[in-house]
Structure formats: structure tokens, C-alpha cells
Amino acid sequence: MIELRGIGRDYASGDATVHALSDVDLEIETGEMLTLLGPSGSGKSTLLHLLGCLDRPTHGSYHLLGRDVSRLDRNQLAAVRGEQIGFVFQRFHLMPRSTALENVALPLRFAGVGARERRARAADLLRRVGLEDRRHHRPAELSGGQQQRVAIARALAADPPLILADEPTGNLDSQVGGEIVDLLLELHSEGRTVVVITHDEGLAARTERTVRLLDGRVFADERVAPDNG
């Protein structure tokens, strides 16, 4: 599904150049679930932005589903995001004045789906994540775990093959965070490719592959039996 070759991302900082990523090679198979693990400043957030087509590399190539997306323009990247990628963020990024149903339906509105179908599909997705009875609640009326479930339902709205989860348990206690990881594992079991970005070793232990980043480079790529007992 994903092939990165010689990926680098540089930023100007005054008169200096910051090499946020350097010569990253990475392949991710369709249907795989893995963790990108690293401390703050390791380059994992920069890599997330590149994988999610939110940014473009300074050099190197990025093929997503066989297409070189590293040189697409802004509008083309937006189309790829809308059709191929679902995002789950640490801070949820829900619309505060919209209900759970409206939040989940929002990507479908941008995709041109009719109002009746949007509502039906959003309701199905909220049922899928166990929030059917909270569909008319706004984010402030939901717990952190419930908000993250709404965010996951929203990520699934366009039925994307790739889910990118950025610190999905970072604002949750351990029990609720474990439930969110269970849900991501369930999505993986259905055939979706799931990439989790985190600094949490415990979360990484629940995935089948861990790619470790440090100082903008991949320094380890580990495959182990996940600890989901």
C-alpha cells in the first residue's frame, strides 16, 4: 500500500536548516497494522503529515496504492485525503457546536453525498462504535473516550483503506485507551491498513510491527507477536 524511498523533509529555521526526516525508506503492506514509535522530536509527526498527504517531502518518493503522491498539487492531495485516508487525532478535532451525527456526516457532505444518505451512514457508523444512543449529543456532552469513538466513526465515513491514528490514546486513561486500541484492532481485522503514531511502548506492544524513529531516521523495524491477551 505504502512505499517510501529516500524520504527527507527539511525546514528553514533562521539561517539554519532542520532535517526533520532524513533518507527514510519504509514499506507498509495492505491490511497491515503497525506503530510508528519515537520520542518527541524523533520525526514521527512529520512522517504522519507526509503519510497523510498533509505535506510533501523535500526529496524522495511516496507511492500510495501504486500512485506517486509526493509531487501532487494541493487540490490533488486533498482528493487523496478525502478518498483514501481516515484520520484519528489525539485531540479529537470535533466541531464543538455539531452533534455526533453531524460530525460523522461532515466528510460525506464534502464528498457530495445527499443529506438523507449522509445521516443514514453516519448513524450506522455511530452504531458501529457503540454510540447510537449519543448521536444527538455535542462533544462537550461526551466523555473523552466517546469523543474519540466519534472521531473514529468520522474517519470511517468515506470507507478509506488507510487509517492514520496520531496518539489516539494520549488524552485518555488506560482503561478507555485500551478500548480505543481494541476498536482499532477490530478495524484492522476487517482488512484496513492501520498506522498508529505514538510514544507509548504499551500501545506498540499490541501491534504486529513497530517502526522506531530517532532523530528523523528509522533505526529499527521490529515484527513480533502482538500482546493482546
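Quick notes on this structure:
- Just one residue in the set Leu183, Leu213, Leu203, Leu187 is closer than 16 Å to Ile152 by Cβ and touching a Ser or Thr at 6+ places or on another chain (Cβ under 8 Å); that residue is Leu203.
- Residue among Ala205, Ala225, Ala220 that is farther than 30 Å from Ala100 by Cα, of a type in the set (A, V, I, L, M, F, W, C) and modelled with pLDDT under 90: Ala225
- Residue match in region 180-198 (condition: surrounded by fewer than 22 Cβ atoms within 10 Å (Cβ to Cβ) and either modelled with pLDDT under 90 or touching a Phe, Trp or Tyr at 6+ places or on another chain (Cβ under 8 Å) (or both)): no
- Among the residues of region 78-112, those identified as touching a residue at least 12 places away in the same chain (Cβ under 8 Å), surrounded by fewer than 18 Cβ atoms within 10 Å (Cβ to Cβ) and over 19 Å from Leu65 (Cβ atoms) are Gln90, Arg91, His93, Met95, Pro96, Arg97, Ser98, Leu106, Phe110.
- Per the listing Ser42, Ser98, the residue uniquely modelled with pLDDT of 90 or more and within 30 Å of Ala205 (Cα to Cα) is Ser42.
- Test for Ala123: is it farther than 26 Å from Gly31 by Cβ, assigned to a helix (DSSP H, G or I) and either in contact (Cβ under 8 Å) with a residue 24 or more places away in the chain or among the hydrophobic types (A, V, I, L, M, F, W, C) (or both): yes
- Complete set of residues in region 139-155 that are more than 17 Å from Leu184 (Cα to Cα) and crowded, with 17+ Cβ neighbours inside 10 Å: Pro139, Leu142
- Test: residue in region 172-183 that is touching a His at 6+ places or on another chain (Cβ under 8 Å) and in contact (Cβ under 8 Å) with a residue 24 or more places away in the chain: no
- Under the condition of being within 15 Å of the chain's Cα centre (by Cα) and either closer than 25 Å to Leu50 by Cβ or of a type in the set (S, T, N, Q) (or both), the residues counted in region 154-204 number 33.
- Wholly within region 1-112, strands (runs of 3 or more DSSP E) carrying at least 1 residues that are over 29 Å from Glu132 (Cα atoms): 2-13, 16-28, 33-37, 59-64
Yes/no matrix, rows are residues, columns are (1) out of contact with any Asp or Glu (no Cβ under 8 Å at 6 or more places or on another chain); (2) closer than 24 Å to Gln84 by Cβ:
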residue: Ala153; (1), (2): yes, yes
residue: Ala158; (1), (2): no, yes
residue: Leu172; (1), (2): yes, no
residue: Leu187; (1), (2): yes, yes
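- Test: residue in region 12-30 that is touching a Phe, Trp or Tyr at 6+ places or on another chain (Cβ under 7 Å), surrounded by 15 or more Cβ atoms within 10 Å (Cβ to Cβ) and closer than 27 Å to Gly202 by Cα: yes
The values are calculated or read from the model by the stated rules, or taken from the named source; none is laboratory data. Bear in mind the structure is a predicted one, so any value in this text is a computation, not a measurement. Because the Cβ atoms are built from the backbone with ideal geometry, glycine has one as well, and the counts that use them run over all protein chains shown.
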